[in-house]
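Accompanying notes for the structure given below.
The values are calculated or read from the model by the stated rules, or taken from the named source; none is laboratory data. Here the structure is a predicted model, which is why all the values come from computation and not from measurement. Counting neighbours? That spans all protein chains shown, and the Cβs are built from the backbone with ideal geometry, glycine included. The area values use the complete protein model at the heavy-atom level, side chains included, leaving out ligands, DNA and RNA. Shrake-Rupley method; radii C 1.70, N 1.55, O 1.52, S 1.80 Å.
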Amino acid sequence: MTANVTPTTGMDSTELRKAFGAFPTGVVALAGMSGPEPTVIVASSFAVGVSQEPPLVMFAVQQSSTTWPILRDLPSLGVSVLGESHTEIIRQLSAKDKTQRFAGVGTTVLPSGALLLDDAPVHFECAIESSHAAGDHEIVVLRVTGLANDHSKQPIVFHRSAFARLSA
């Protein structure tokens, strides 16, 4: 079968977004304490296995983000791989109203200031290794400084603009 590929020049951004959305991804919350205030970004652009030595992961964030400049300056970030129990709060965590993002959300603050969401299948404690401009996003490489796995919990997947559960 031959694919009929449309050139991206002049492409409708909606079609490109749909094409990107056809690739299932995990969803993470990147969070830390900025003074007394918890700060979070939810991302579906997170990638593990960038490097094992040193242990590196990465994600992409929109350059227009008003939250990223706050997180970028923190010494440590918590990365919580969101799970099935987080389905109801994912949109709350990424809401425009930053004052309500953590309302009713269980968290743990590490001594480094990294903030982790309770009940996540995987937690990483990270420090920013490097960042690179990439179109309208910034690619951020994080060095993993700590981790925890809970194999009894299942991650949530973002696919075609909806959250889904994995099934065997």
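The table that follows gives values for the structure above.
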quantity: In the stretch 143-168, residue surrounded by the most Cβ atoms within 10 Å (Cβ to Cβ) [restricted to those that are closer than 30 Å to residue 18 by Cα and of a type in the set (D, E, K, R)]; calculated: 153
quantity: Flag if residue 140 is touching a residue at least 60 places away in the same chain (Cβ under 8 Å), in contact with a strand residue (DSSP E or B) (Cβ under 8 Å, 6 or more places away or on another chain), closer than 28 Å to residue 17 by Cα and surrounded by 19 or more Cβ atoms within 10 Å (Cβ to Cβ); calculated: yes
quantity: Residue within the stretch 111-118 that is farther than 17 Å from residue 45 by Cα and exposed (fewer than 12 other Cβ atoms within 10 Å of the Cβ) present; calculated: yes
quantity: Qualifying positions in the stretch 88-110 - in a loop (DSSP other than H, G, I, E, B) and either open to solvent by 30 Å² or more (accessible area, probe 1.4 Å) or more than 17 Å from residue 65 (Cβ to Cβ) (or both); calculated: 88, 89, 94, 95, 96, 97, 102, 103, 104, 105, 106, 110
quantity: Matching residues in the stretch 119-130 - criterion: being closer than 18 Å to residue 61 by Cβ and surrounded by fewer than 16 Cβ atoms within 10 Å (Cβ to Cβ); calculated: 127, 130
quantity: Matching residues, the stretch 20-40, being farther than 15 Å from residue 141 by Cα and either among the β-branched types (Val, Ile, Thr) or in a loop (DSSP other than H, G, I, E, B) (or both); calculated: 22, 23, 24, 25, 27, 35, 36, 39, 40
quantity: From 34, 64, residue being open to solvent by 80 Å² or more (accessible area, probe 1.4 Å) and either modelled with pLDDT of 95 or more or more than 12 Å from the chain's Cα centre (by Cα) (or both); calculated: 64
